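The values are calculated or read from the model by the stated rules, or taken from the named source; none is laboratory data. Just so it is clear, the structure is predicted and the values come from calculations on it, not from any experiment. Don't worry about glycine lacking a Cβ; one is built from the backbone with ideal geometry, like all the others, and counts go over all protein chains shown. The protein model used for the area step is the full one, side chains on, heavy atoms only, and it has no ligands, DNA or RNA in it. Shrake-Rupley method; radii C 1.70, N 1.55, O 1.52, S 1.80 Å.
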Amino acid sequence: MDLRNLTLFRDVARLGSFAAAARTHGCDPSAVSRAIAGLETELGARLFHRSTRSLTLTEAGRLFLPAAQDALDDLDDARARLSETAQAVTGTLRLGASVSFGQIVLVPLLSEMRARFADLSIELVLSDDNADLAAERIDLAVRLAPRVQADVICTRLMPTRYHVAAAPSWVNVHGRPDRPEALADLDCLRLTLSPFSDRWLFRQGAGGDVVEVPVAGKLSFSNPRAMADAMLAGLGPALVPDWLVNGPLASGKAIDLFADHVVTATSFDTAAWLIYPSRAHLPLKTKAMIKFLRERAARGLQPEPMSRR
């Protein structure tokens, strides 16, 4: 079976169109269409429902896609193992992330990265904008979102969870709210990013009802770490991700106001994703860093505790 046809099938399914897959591979959409038609002939099954408005997988396509992906992944792994026997991880890796995630999670890992990859130079590119990987020459980036909607390859690094936290000093003055709806009457700290700025969602237990609570407050922030610092200073409750507040919660510098609830502003299934421009000819340095970060996440990322400024 032609591996290029398998790759094109996988990318058409991922991107949702022949044209998008053609742009990724630098060929004409007609060539992609012919490749898919040839694969369908070889399999004796139709893989896509085609119309002028949409392109969706058939039942046969949905069954075949995981097998195709496994085959391509196995081949990539075999190539990587062969390369690793003859190459060292060298060059410069541009690693992107949001400012707060980079400062709190990635910077404490730099010494471990240097020990693992002695011949690799690392450029940490921190920005709260979703950078264009190709235009910014970023080899690998961490993106925080329920899902990644972009023409990139992504793999889930770790799930993320949010907490409504406050400093003990704030709780001593204002008391601990007895239910999420009480937050609507409090002066909360908020991110300027919608929908974080105007409402938070609460669910008690996996199957509990979702409660939407409108929130307001006189202080808002464009940077989540700055907001968390204000929370630790006793200025109000804030919705903060676990990677940012786990340290203060463990040390007692912050209190989880609703530890028996799952909380979010977007989706209850949020995650940190590793994203990179293309799976084709992925450099060894990028493969090695993906492997390192996934191994580190599997053991539990343990960033240094965030201190109050």
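Scoring 208-214, 168-174, 282-288, 92-98 by mean Cβ neighbours within 10 Å over their residues and listing the highest first yields 92-98, 282-288, 168-174, 208-214.
Bridging of residue 218 to lysines at a Cα separation below 27 Å is possible for 253, once same-chain residues fewer than 8 apart are set aside. Only DSSP H runs of four or more residues enter the estimate; each adds -39500 (n - 2.57), and after division by the residues of the chain the mean residue ellipticity at 222 nm equals -11500 deg cm²/dmol. Per-atom-type breakdown for the chain gives carbon and sulfur 49% of the accessible area (1.4 Å probe, protein chains only).
Quick one: helix 3-15 against the long Cα principal axis of the chain, what's the angle to the nearest 10°, folded into 0 to 90? Helix 3-15 sits roughly 40 degrees off the main axis of the chain. The amide H of residue 122, built 1.01 Å from its N in the peptide plane, has 93 as neighbours under 5 Å, considering only residues 5 or more places off or on other chains. Karplus-derived 3J(HN,Hα) values for segment 175-180, using 6.51 cos²θ - 1.76 cosθ + 1.60 with θ = phi - 60°, are x, 9, x, 8, 7, x Hz; glycine and proline are entered as x. Segment 200-258 and segment 90-112 have their alpha-carbon centroids 24 Å apart. Peptides 238-245, 218-225, ordered by how many other C-beta atoms sit within 10 Å of their residues on average, highest first, read 238-245, 218-225. Here the chain yields Rg over Rh of 1.04, to two decimals, using C-alpha coordinates and the Kirkwood radius.
A simple rule links phi to the HN-Hα coupling: the Karplus curve 6.51 cos²θ - 1.76 cosθ + 1.60 with θ = phi - 60°, which for segment 248-259 gives x, 5, 5, 8, x, 6, 9, 10, 7, 5, 9, 5 Hz, with x for Gly and Pro. Only one residue of 13, 168, 52 has its Cα farthest out toward the positive end of the dipole of the chain, where Lys and Arg carry +1 and Asp and Glu -1 on Cβ, and that residue is 13.
Of the beta bridges in the chain, as assigned by DSSP with both residues counted there, near 70 percent are antiparallel. The 3J(HN,Hα) values that the Karplus relation (6.51, -1.76, 1.60; θ = phi - 60°) gives for segment 208-220 are, in residue order, x, 5, 8, 10, 9, 10, x, 10, 8, x, 7, 10, 9 Hz. Gly and Pro appear as x.
Shown are 90, 264, whose ranking by accessible area with a 1.4 Å probe and every protein chain present, most to least, is 90, 264.
Annotation: average projected area of segment 128-175 is 5.5 square nanometres, based on the convex hull of Cα atoms across all directions.
Bridgeable aspartates and glutamates around residue 285 (alpha carbons under 12 Å apart, same-chain partners fewer than 8 residues away excluded): 84, 119, 139. Surface exposure of segment 210-276, expressed per residue as accessible area with a 1.4 Å probe, stands at 35 Å².
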